[in-house]
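The structure under discussion is supplied below as structure tokens; questions concerning it will follow.
The values are calculated or read from the model by the stated rules, or taken from the named source; none is laboratory data. Because the structure is predicted, anything quoted here is derived from the model rather than measured. Cβ sites come from the backbone with ideal geometry, for glycine too, and all protein chains shown count toward neighbours. For accessibility, only protein heavy atoms count, side chains too; no ligands or nucleic acids. Shrake-Rupley method; radii C 1.70, N 1.55, O 1.52, S 1.80 Å.
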Amino acid sequence: YSSKARRTFANRAAERFGLDARLIEEQLEDLVERLELFQPLEPDQPPPAPEMSDEEREEALAYLRRPDLVQAILADMETLGAVGEEEAKLLAFLVGVSRKLARPLSGILLSGSGAGKSSVAELVEALTPPEEVVFYSRISATVLYYQPADFLRHKLLMLEERAGGEAADYSIRTLQSKRRLTLCVTVKDPQTGEMKPRTYEVEGPIAYLETTTNPYLNPENSSRCFEIPLDESAEQTRRIHNHQRAMRGQLERLARRVRSEALCKKHHNAQRLLEPMEVWIPYADRLRFPDRLLRNRRDHERFLCLIEAVAFLHQKQRAIHDLGEGLRCVEATVADYALAHRLAQKVLDVAVDERSRWGRFLCEWLEGQLNGDSRSDRVWTRRELR
């Protein structure tokens, strides 16, 4: 593709084989024109969605219409190996489902090493259709700018660890807020050798999910994401141990684990049936939200988006309104608000708390000790508190 390189090659080949350099250069130009006729698939393009049979479609539709849909999703997650952590699992799942909305959600799974945050993230990835999720272990600072224009549009972008995406923090935050990336760079024209500007654009929006062990997050990141803490108590550890033994010691559970591929396929088909549409919250003007902190402006918007995600998940059993010109919207119910409130209450309280994770643990422990102690002069030494 370089004019200078073609000319150099033609001159050296002509000298070596006793040919006409001009003829060789003309043949190289003809080869370039022929190569430009080929339109190879982009290597990073996800696989196309497979065709669903009528039976698969009916099964997926019946699943979406279940009155106990949320409990069914949690039961499937437990079958796949994630026990407990109901709020965290469901919130992460809704982050993935929200990718089809105009304003998707973002989440950061936060816990100490070994608590199971990677397992929750892998579970969300397993239940999301492969063609609609993009997973990276590590990305460079500018790689997202050079993706095909619609490669990330309405996709779930996942990072294995926060450390693997620190270089691309700015581009990820821009996708979350602006829902578009624009990069202008200087490139050399291969024909003339002149330097010219070239613009790359990548369309969003994206849903975003990552994990981290670092409790001290960049405020620019945390204000755009739900910080989803995991249960690190001894009770949760016992639940995990009991589940691990049961999955190997009970024939029924062992059979369900073997059939996990079919379970994931059912979820893939169900999510493929969710049609992109707007969400109407008829009671939105009656909601109230804390306004003490500046970040509450973004927290309020994310809470409304969470209500939209819950209603969107239940669209097959909610009222659908025709707005004309091919536009439709699903109506959110008070039940959608109740679930969103339950899921968001804990994570938003943690987000606005000025104490560290261990500071909160210590305060809760002290409160528990005081409630069980009749003495009003109870004191602790620093050694005891440590």
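I'd like the accessible area for H268: 1.4 Å probe, protein heavy atoms, all chains in place, Å² to the nearest 10.
Answer for H268: close to 30 Å² accessible.
For the chain, what relative contact order do you get, as a whole percent, if you take Cα pairs closer than 8 Å and at least 6 residues apart?
Taking the mean separation of contacting Cα pairs over the length of the chain, I get 20 percent.
Also: Once amide H atoms are built 1.01 Å from N in the peptide plane, which residues 5 or more positions from F226, or in another chain, come under 5 Å H to H?
Hits under the 5 Å cutoff: S106, G107, I108.
Sticking with this structure for a sec: Taking all pairs of different Cα atoms in the chain, averaging 1/r and flipping that mean, what Kirkwood radius in angstroms comes out?
24.5 Å
So how tilted is helix 234-249 from the main axis of the chain? Cα-based, degrees 0 to 90, rounded to 10.
Between helix and principal axis, roughly 70 degrees.
Next question, about the same structure. Using a Gaussian network model on the chain with a 10 Å cutoff between Cα atoms, which of L274, L370, L80 fluctuates the most?
Comparing L274, L370, L80 in the GNM, the peak value goes to L370.
For region 149-237, place one equal point scatterer on every Cα, skip the solvent, and apply the Debye formula. What is log10 of I(q)/I(0) at q = 0.16, 0.26 Å⁻¹?
Log-scaled intensity ratios, in q order: -0.77, -1.33.
Most fluctuating residue of E367, E210, E220 in a GNM of the chain with Cα springs under 10 Å: which is it?
Judging by the Gaussian network model, the answer is E367.
Given a Förster distance of 51 angstrom, what is the FRET efficiency for S356 paired with A149, based on the Cβ-Cβ distance and rounded to 0.05?
Here the calculated transfer efficiency is 0.75.
Quick one: if you stick a label point 7 Å off each Cα along the C-beta vector at E364 and E235, how many nm between them?
1.0 nm
Under a 1.4 Å probe, what is the accessible area of region 1-129 per residue, stated in Å²?
On the way: 7490 Å² over 129 residues.
Counting only protein heavy atoms, the per-residue value for region 1-129 is 58 Å².
Right, next: Using only alpha carbon pairs under 8 Å that are at least six residues apart, calculate the relative contact order of region 56-124 and give it in whole percent. Before the final figure, lay out each step's value.
Details: 32 pairs, mean separation 18.3, N = 69.
Relative contact order here is 27 percent.
Something else now. Give me, ordered by chain and number, the residues 5 or more places off W280 or on other chains with an amide H under 5 Å from its own placed amide H.
Here V330, E331, A332 satisfy the definition.
Here's a follow-up. How far is helix 3-17 tilted off the main Cα axis of the chain, in degrees rounded to 10, range 0 to 90?
50 degrees
Kindly express, to the nearest 10 degrees and within the range 0 to 90, the angle between helix 357-371's C-alpha long axis and the longest C-alpha principal axis of the chain.
Helix 357-371 and the main axis of the chain meet at about 10 degrees.
Tell me whether region 24-170 comes out rounded, prolate or oblate; compute the Cα gyration tensor, take square roots of the eigenvalues as a ≥ b ≥ c, and use a/c under 1.5 as the rounded threshold.
Since a/c reaches 1.5 but b/c is at least a/b, the shape of region 24-170 is classed as oblate.
Which percentage, to the nearest 5, of the DSSP beta bridges contained in the chain is antiparallel?
DSSP beta bridges in the chain are roughly 40 percent antiparallel.
Can you tell me the relative contact order of region 180-281? Whole percent, Cα pairs under 8 Å, sequence separation 6 or more.
Here the relative contact order equals 14 percent.
Only Cα pairs within less than 10 Å get springs; with that Gaussian network setup on the chain, which residue of M52, M277, M195 has the largest fluctuation?
M195
Something else: At what distance in nm do the modelled label points of D322 and A62 sit from each other, each positioned 7 Å from its Cα along Cα→Cβ?
3.0 nm
Ignoring ligands, DNA and RNA, please state the percent of accessible area on region 136-279 from carbon and sulfur, probe 1.4 Å. Spell out each step's value before the answer.
On the way: 3830 of 7770 Å².
On region 136-279, the fraction of accessible area on carbon and sulfur atoms equals 49 percent.
Here is a follow-up. Report, in deg cm²/dmol and to the nearest 500, the calculated mean residue ellipticity at 222 nm for the chain, where each DSSP H run with n ≥ 4 adds -39500 (n - 2.57) and the sum is divided by the residue count.
About -14500 deg cm²/dmol.
For the residue pair K346 and K178, what label-to-label distance in nm results when each label sits 7 Å from Cα along the Cα-to-beta-carbon direction?
3.6 nm
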